[in-house]
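Participant: Before I ask anything, here is the structure I am working with.
The values are calculated or read from the model by the stated rules, or taken from the named source; none is laboratory data. Predicted, not measured: the structure shown is a model, and the values here were computed from it. Every residue, glycine among them, receives a Cβ derived from its backbone with ideal geometry; neighbour counts consider all protein chains shown. We work out accessible area using only protein heavy atoms, side chains counted, and drop any ligands, DNA or RNA first. Shrake-Rupley method; radii C 1.70, N 1.55, O 1.52, S 1.80 Å.
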Amino acid sequence: MTSFVFRTSTYSGGQPDSQCVEVATNVPGAVAVRDSKRRAPARLRPTPEAWRAFLDLATAGRR
(Lines give C-alpha, C1' and ligand atoms only; values in the text may rest on other atoms or scores of the structure.)
Protein backbone atom coordinates (compact mmCIF):
# COMPACT_ATOMS: atom_id res chain seq x y z
CA MET A 1 0.00 0.00 0.00
CA THR A 2 1.28 3.44 -0.91
CA SER A 3 1.52 5.97 1.91
CA PHE A 4 -0.05 9.38 1.60
CA VAL A 5 2.45 12.22 1.36
CA PHE A 6 0.81 15.32 2.82
CA ARG A 7 1.58 18.92 1.95
CA THR A 8 0.49 22.10 3.66
CA SER A 9 -1.31 24.89 1.85
CA THR A 10 0.91 27.61 0.43
CA TYR A 11 -1.50 30.05 2.07
CA SER A 12 -0.62 28.72 5.51
CA GLY A 13 1.13 31.24 7.71
CA GLY A 14 3.59 28.61 8.84
CA GLN A 15 2.93 29.44 12.48
CA PRO A 16 2.44 26.59 14.97
CA ASP A 17 -1.00 27.89 15.99
CA SER A 18 -2.25 28.68 12.47
CA GLN A 19 -5.45 27.11 11.17
CA CYS A 20 -4.56 24.91 8.24
CA VAL A 21 -5.23 21.64 6.49
CA GLU A 22 -2.89 19.28 4.71
CA VAL A 23 -3.73 17.38 1.56
CA ALA A 24 -2.24 14.33 -0.12
CA THR A 25 -2.80 13.66 -3.80
CA ASN A 26 0.13 11.34 -4.49
CA VAL A 27 -1.93 8.12 -4.48
CA PRO A 28 -3.65 7.53 -7.84
CA GLY A 29 -7.44 7.64 -7.50
CA ALA A 30 -7.36 8.98 -3.93
CA VAL A 31 -7.24 12.25 -2.02
CA ALA A 32 -6.74 12.59 1.74
CA VAL A 33 -7.27 15.71 3.87
CA ARG A 34 -6.29 16.18 7.50
CA ASP A 35 -6.00 18.88 10.15
CA SER A 36 -2.42 20.11 10.40
CA LYS A 37 -2.66 19.97 14.20
CA ARG A 38 -4.00 16.38 14.27
CA ARG A 39 -1.95 14.69 11.62
CA ALA A 40 -3.04 11.08 11.88
CA PRO A 41 -5.23 9.67 10.53
CA ALA A 42 -6.60 11.57 7.55
CA ARG A 43 -10.14 12.62 8.44
CA LEU A 44 -11.55 13.24 4.98
CA ARG A 45 -11.16 11.18 1.85
CA PRO A 46 -13.09 12.81 -0.98
CA THR A 47 -12.97 11.29 -4.42
CA PRO A 48 -10.56 13.04 -6.80
CA GLU A 49 -13.60 14.36 -8.71
CA ALA A 50 -15.14 15.82 -5.55
CA TRP A 51 -11.80 17.38 -4.57
CA ARG A 52 -11.46 18.99 -8.02
CA ALA A 53 -15.02 20.37 -7.76
CA PHE A 54 -14.21 21.80 -4.31
CA LEU A 55 -11.03 23.46 -5.60
CA ASP A 56 -12.88 24.87 -8.61
CA LEU A 57 -15.51 26.44 -6.35
CA ALA A 58 -12.94 27.69 -3.83
CA THR A 59 -10.87 29.44 -6.48
CA ALA A 60 -13.67 30.64 -8.76
CA GLY A 61 -13.52 34.22 -7.48
CA ARG A 62 -9.77 34.51 -8.03
CA ARG A 63 -9.69 33.82 -11.76
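Participant: Quick one: how many Å² of residue 22 are accessible to a 1.4 Å probe, rounded to 10?
Facilitator: Here the accessible area works out near 10 Å².
Participant: Turning to a different aspect of this structure: Which ³J(HN,Hα) values, rounded to whole Hz and listed in residue order, are derived for region 24-31 from phi using the Karplus coefficients 6.51, -1.76 and 1.60 in 6.51 cos²θ - 1.76 cosθ + 1.60 with θ = phi - 60°, glycine and proline given as x?
Facilitator: For region 24-31, the Karplus-derived couplings read 10, 10, 7, 9, x, x, 9, 9 Hz, x marking Gly and Pro.
Participant: Using 7 Å Cα-to-Cβ label points, what is the residue 54/residue 9 separation (nm, one decimal)?
Facilitator: 1.1 nm
Participant: Under the rule of at least 5 residues apart or a separate chain, name every residue whose amide H is placed under 5 Å from the amide H of residue 26.
Facilitator: 5
Participant: Leaving ligands, DNA and RNA out of it, rank 10, 59, 47 by accessible area with a 1.4 Å probe, largest first.
Facilitator: Most to least solvent-accessible, the answer reads 10, 47, 59.
Participant: Amide H neighbours of residue 44 under 5 Å, at least 5 residues apart or on other chains, H built in the peptide plane: list them.
Facilitator: So residue 44 has HN proximity to 33.
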